[in-house]
1. If you check every pair at least six apart or on different chains, which have Cβ atoms under 8 Å apart with a residue in region 220-236 that is under 15 Å from Ala193 (Cα atoms) and touching a residue at least 40 places away in the same chain (Cβ under 8 Å) first and a residue that is of a type in the set (A, V, I, L, M) and open to solvent by 50 Å² or more (accessible area, probe 1.4 Å) second?
2. Based on this model, can you work out whether Pro252 counts as in a helix (DSSP H, G or I) and open to solvent by 90 Å² or more (accessible area, probe 1.4 Å)?
3. In region 196-218, how many are of a type outside the set (Val, Ile, Thr), crowded, with 17+ Cβ neighbours inside 10 Å and either at pLDDT 95 or above or not in a loop (DSSP other than H, G, I, E, B) (or both)?
4. Would you check if there is a residue in region 123-135 being modelled with pLDDT under 95, under 24 Å from Tyr239 (Cβ atoms) and open to solvent by 60 Å² or more (accessible area, probe 1.4 Å)?
5. Of all the residues that make up region 92-121, how many are assigned to a loop (DSSP other than H, G, I, E, B) and touching a helix residue (DSSP H, G or I) at 6+ places or on another chain (Cβ under 8 Å)?
6. Given the criteria open to solvent by less than 70 Å² (accessible area, probe 1.4 Å) and out of contact with any Ser or Thr (no Cβ under 8 Å at 6 or more places or on another chain), does Ala277 qualify?
7. Could you count how many residues in region 1-29 are basic (Lys, Arg) and either at pLDDT below 95 or open to solvent by less than 10 Å² (accessible area, probe 1.4 Å) (or both)?
8. Provide a single number: the residues in region 136-155 that are in contact with a Lys or Arg (Cβ under 9 Å, 6 or more places away or on another chain) and open to solvent by 20 Å² or more (accessible area, probe 1.4 Å).
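The values are calculated or read from the model by the stated rules, or taken from the named source; none is laboratory data. Everything numeric here is computed off the predicted structure, so don't read it as measured data. Here the Cβ is made from the backbone with ideal geometry for all residues, glycine too, and neighbour counts use every protein chain on show. Ligands, DNA and RNA are stripped out before the accessible areas are found, and what is left, the full protein with its side chains, is counted by its heavy atoms. Shrake-Rupley method; radii C 1.70, N 1.55, O 1.52, S 1.80 Å.
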Amino acid sequence: MGNFLAGKVVAVTGAGRGIGRAVALACAAEGAKVVVNDYGVSIEGGEPTSEVAQGVVKEIESAGGTAVAVADDVSSMAGGQRIVDTAVSEYGRIDGVVCVAGILRERMLFNMSEDEWDPVVQTHLKGTFTVFRAAAAVMRKQKSGTLIGFTSGNHQGSVAQANYSSAKGGIISLVRSAALGLNKYGVTANAVAPVARTRMSANVPMELKEIGEPEDVAAFVVYLLSERAREEQITGQVYTVAGPKIAVWAQPRELRAGYAEGGSWTPEKIADFLPGAVGTDPMPMLEQLQEMARAAAAKERPNQ
């Protein structure tokens with residue numbers, strides 16, 4: 001047992017398997033008391049069960065740690081509230097929440113149904129909001145705490161997961177909003193975009209050049225939850241963790257701007273002005289798709 005998180009209480013959603021489980025185990029190993037949340041469904045959905053969450057609790061206890069299981073649906077306000085309430089009632093406080101819970105419904109945009117859109121956005125985005133909201137109310141009074149959301153490199157866009165990409169992009173904006181709104185209360189908020197071997201990454205239809213294990217991500221999350229990260233005032237950031245690689249994403253900002261002579265635009269003026277003066281920002285993922293299509297046509301292996 002370590003002591004990087006000694007005395008802290010941390011709740012982890014989606015903690016029954018994969019990265020969530022690795023985070024829960026790592027937090028406990030570093031001295032935190034852990035609320036293990038998992039609704040117990042497959043990535044495609046299905047009937048919930050508390051067995052997976054309880055199994056992680058048993059692992060933690062067997063290693064000498066302290067944990068409690070909560071099999072609740074984070075996509076409901078009541079579910080998110082119960083996770084935080086359990087931490088407070090069992091351990092007296094909540095120092096960190098880590099929102100890993102997620103599901104997939106893969107479909108091309110023009111074929112995607114409401115039943116494939118809503119559950120993904122509700123689990124990822126609303127599920128992060130419900131826990132953040134409940135935890136922020138307690139952390140505001142404590143004058144301390146850490147919120148961690150899980151996003152993905154796919155927040156840039158996805159060929160067949162518009163629902164997932166939209167939710168993951170929303171989580172980044174939610175994290176930045178939390179960082180801004182809660183800074184004066186001593187609460188930090190950050191997002192992690194993991195690239196690790198999990199049930200979800202098994203569905204990625206290409207070989208990933210940079211990928212690690214759930215434990216790599218867990219180590220980084222433990223750091224973000226620690227006083228060391230708080231001392232550095234790390235907040236409002238998005239980090240990729242892929243095995244030995246750690247990267248930080250840029251903050252949104254304008255690249256170029258132009259102004260109309262006389263203060264007003266017409267479509268004709270824009271057509272003449274925009275391409276040369278303002279232009280576009282290249283879309284890396286679109287360029288990758290175009291390279292893949294070119295290589296496929298030439299029967300070559302695409303460049304990565």
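1. These pairs meet every condition: Gly236/Leu180.
2. It is false that Pro252 is in a helix (DSSP H, G or I) and open to solvent by 90 Å² or more (accessible area, probe 1.4 Å).
3. Of the residues in region 196-218, 5 are of a type outside the set (Val, Ile, Thr), crowded, with 17+ Cβ neighbours inside 10 Å and either at pLDDT 95 or above or not in a loop (DSSP other than H, G, I, E, B) (or both).
4. Restricting attention to region 123-135, the residues satisfying the condition of being modelled with pLDDT under 95 are none.
No, region 123-135 contains no residue that is modelled with pLDDT under 95, under 24 Å from Tyr239 (Cβ atoms) and open to solvent by 60 Å² or more (accessible area, probe 1.4 Å).
5. 11
6. So Ala277 fits the description; yes.
7. 1
8. Here the count works out to 6.
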